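Notes follow the structure.
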Amino acid sequence: MAKKEYSFYPGCSSQKGASASNYLVSVQSMCEELDVQLNEIPDWNCCAASIGYAEGGELPRLALSARNMALSEQANPGQDIVATCAACWLATKETQERLHDSSDLMQETNDALAAAGLNVKADQTVRHMVEVLIEDFGYDELGKHVKKPLEGMKIAGYVGCQTNRPFGVDGESFENPKYLDKLVETMGAEPVEDYQKKVQCCGGALAFSEPEKSQALIKDIVEAAYDGGAEMIVTPCPVCQMNVEVYQDQINATYGTKFKIPVVYYSTLMSVAYGKNGKEAGLDGQIIAAKKLEEIAAK
Amino acid sequence: MSDANTAMVEKYRNSFLKEVEANVEEGEWVKMCMQCGVCSGSCPFGPHWAHPPQELFMMIRAGKREEVLTSDSMWMCTSCYNCIVRCPRELPITHIMHGLANYAHRLGIAPKNQPTRKFAKLFWENLTKKGRTNELKLGLSLYFMNGFGDGVKTSLKMKDIGLGMLKTKRMNVGEMWGGHACKDTNGLHAILKKAREIEDAKMQKF
């Protein structure tokens with residue numbers, strides 16, 4: 001297959017020394033195997049995620065994403081914007097749709113962008129990396145690259161919220177999307193059937209401001225993974241990954257549970273299955289070590 | 001901002017619904033709610049809302065301005081979008097909740113010590129300063145948002161998580177001095193300033 005190119009919006013959490021830096025490492029390894037070239041949007045800015053609304057308001061928030069789109073149009077014309085972070089994808093795609101739906105909003109946004117000499121057309125497609133995998137490659141093609149199938153592993157596909165709602169992926173149902181399970185299967189592992197908390201919210205940004213209420217949700221997410229017989233959780237979202245991984249000790253202290261289940265990205269699984277080593281797969285970024293994957297990667 | 005609040009009360013004396021339609025993001029959808037309650041039943045923080053979304057919609061229509069805007073209900077929104085995809089009338093409920101929270105915040109009458117309100121303000125200030133989120137400073141400012149004593153307590157509680165993040169290079173102490181940034185922060189600030197001016201002017205006009 002010929003090289004595929006995309007305009008890449010990596011987002012704040014993927015930067016060096018940030019909370020999802022290991023996600024980016026594994027995405028780069030995965031893309032190398034698939035001959036995907038990610039052209040970073042030059043000088044991209046934060047999208048304000050799902051918590052910027054309160055202080056930012058509507059137009060300043062939309063202007064943030066519009067600036068990224070304008071820079072993408074300049075540097076990577078004609079290329080789809082691809083984000084790996086759920087919130088980056090959501091904010092950018094939402095802005096793209098809102099600007100298209102309202103000529104007033106488009107005008108106001110461009111008036112704001114003009115203050116920095118920019119202009120946006122917002123006519124590109126904004127996609128999540130999993131959409132690229134599913135739509136531009138397809139499961140069969142993705143499976144052809146597997147060198148070390150993840151045999152004997154049972155994995156709970158935790159889709160979460162924003163790589164599912166409100167836009168959906170591959171036209172799947174919001175209540176029981178299958179794409180993550182299919183990716184798990186394609187890599188040679190067994191997905192948990194009927195994972196009860198597959199699309200349950202982890203609290204998102206409110207894990208910071210409302211820790212008790214959020215950790216009650218995370219407890220259910222982890223518990224359901226264990227109930228389904230999983231030894232690992234996989235997710236497409238940096239906030240889901242962090243929330244479900246790092247609070248397990250605090251949840252254990254509160255609820256008397258004994259949770260210690262690794263939480264990885266789909267790209268971690270794929271990098272290992274594609275024969276990359278532990279470092280290339282970002283496994284050194286796991287706070288709860290993914291031992292089984294480390295073993296496979298070291299083989 | 002209490003002046004702005006007084007001005008709005010004067011202007012929309014007889015209709016809070018009109019005020020919401022004119023000033024709250026996606027507020028024009030409020031009248032479409034058919035009171036089925038699916039949003040409230042679908043919310044992950046549902047039990048913690050004093051007034052779940054469908055109730056807020058009815059309260060807006062009933063003119064309960066004070067109760068709605070000073071409520072901490074809409075601050076319970078985790079942005080999970082479950083209500084949006086399930087709403088039979090396809091109201092953009094998540095955005096309306098964000099809009100209500102933002103409007104109450106702008107008018108200065110949102111609950112003062114609401115933790116998500118404080119966090120959201122810290123987050124916006126953090127990200128707009130250099131154009132990219134500084135996770136280290138954001139985390140620390142969050143721990144200390146209720147004062148020094150509370151901050152030390154929270155920091156101790158979060159110590160193990162912080163160490164785990166440091167060890168795996170998912171947190172960087174160097175972010176304290178400098179850190180990631182956009183190159184054209186001046187341009188970014190100019191855009192945001194202009195956007196805010198346009199939005200404020202709209203609020204005056206209605």
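Overview of results
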read-out	value
With eigenvalues of the C-alpha gyration tensor scaled by 5 and rooted, region A:138-293, Å	25, 18, 13
Those aspartates and glutamates that a straight Cα-Cα span of less than 18 Å connects to A:K16, excepting residues fewer than 8 apart in one chain	A:E40, A:D43, A:E280, A:D284, B:E135, B:E175
Size descriptor, Kirkwood hydrodynamic radius, that averages inverse alpha-carbon separations across the protein assembly as shown, Å	23.2
For B:H189, B:H51, B:H98, A:H100, order by how many other beta-carbon atoms lie within 10 Å, fewest first	A:H100, B:H189, B:H51, B:H98
Binned Cα-Cα distance frequencies in region A:5-140 - 5 Å width, integer %	2, 11, 20, 23, 21, 12, 7, 4, 1, 0
Cβ-derived FRET efficiency at R0 56 Å, B:M176 paired with A:E5, nearest 0.05	0.95
Dipole in debye (nearest 20) - the protein assembly as shown, about Cα centre, beta carbon charges: Lys, Arg +1; Asp, Glu -1	1300
Cα→Cβ-extended label distance, 7 Å offset, between A:Q37 and B:F148, nm	5.6
Residues B:T185, A:T268, B:T94, B:T116 arranged by fewest to most Cβ contacts within 10 Å	B:T185, B:T116, B:T94, A:T268
Taking N as its residue count, the alpha carbon Rg of region A:37-103 over 2.2 N^0.38 Å	1.07
Helix-only mean residue ellipticity at 222 nm for the protein assembly as shown, each DSSP H run of n ≥ 4 adding -39500 (n - 2.57), per residue, nearest 500	-15000 deg cm²/dmol
Over region B:115-196 - Rg/Rh using Cα atoms and the Kirkwood inverse-distance radius	1.03
Per-residue average of Cβ from other chains inside 10 Å of B:99-105	3
Beta bridges by DSSP in the protein assembly as shown, antiparallel share as percent, to the nearest 5	0
Gaussian network model of chain A, springs between alpha carbon atoms under 10 Å - residue of A:K147, A:K93, A:K197 with greatest fluctuation	A:K147
Whole-Å distance, taken between Cα centres, linking region A:201-262 and region A:120-198	20
Spatial separation of Cα centroids for region B:110-181 and region A:1-77, in angstrom	22
Model label zone, A:A114; criterion: amide N under 15 Å from point 7 Å along Cα-to-beta-carbon; scope region A:92-106	A:104-106
Any cysteine of the protein assembly as shown lacking a neighbouring Cys Cβ under 4.7 Å - listed by number	A:C12, A:C31, A:C46, A:C47, A:C202, B:C33, B:C36, B:C43, B:C77, B:C87, B:C182
Theoretical FRET efficiency, 1/(1+(r/R0)^6), r = Cβ-Cβ of B:Q35 and B:N5, R0 41 Å, to 0.05	0.90
Point-to-point label distance, B:E67-A:D123, nm (Cα→Cβ direction, 7 Å offset)	5.0
Test item: Cα-centred dipole of region B:115-196, Lys/Arg +1 and Asp/Glu -1 on Cβ, debye	200
Residue pairs, from the table B:K129/B:K183; A:K219/A:K260; A:K148/A:K276; A:K260/A:K292; A:K4/A:K178, whose Cα atoms sit over 18 Å apart	A:K4/A:K178
Cα-derived Rg over Rh, computed across region B:27-70 with Rh taken as Kirkwood radius	0.96
Rg to Rh quotient for region A:159-225, alpha carbon positions, Kirkwood Rh	1.01
Charge dipole (chain B, unit charges on Cβ, about Cα centre) - positive-most of B:M176, B:G37, B:G151	B:M176
Helix A:103-113 axis, angle to chain A major axis (alpha carbon atoms, nearest 10°)	90
Descending principal axes extents, chain A, alpha-carbon based, whole Å	55, 47, 35
Charge tally in the Cβ shell below 11 Å around B:R117, where Lys, Arg are +1 and Asp, Glu are -1, B:R117 excluded	+1
Within straight-line cross-link reach of B:K118, aspartates and glutamates at Cα separation under 13 Å, skipping those fewer than 8 residues along the same chain	A:E55, A:E210, B:D72
Convex hull projection area averaged over all views, region A:97-208, Cα basis, nm²	10.5
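Coordinate-derived values only; no laboratory data. Just so we're clear, the structure is a prediction, and the values are computed from it rather than from any experiment. All Cβ positions, glycine included, derive from the backbone under ideal geometry; neighbour counts span all protein chains shown.
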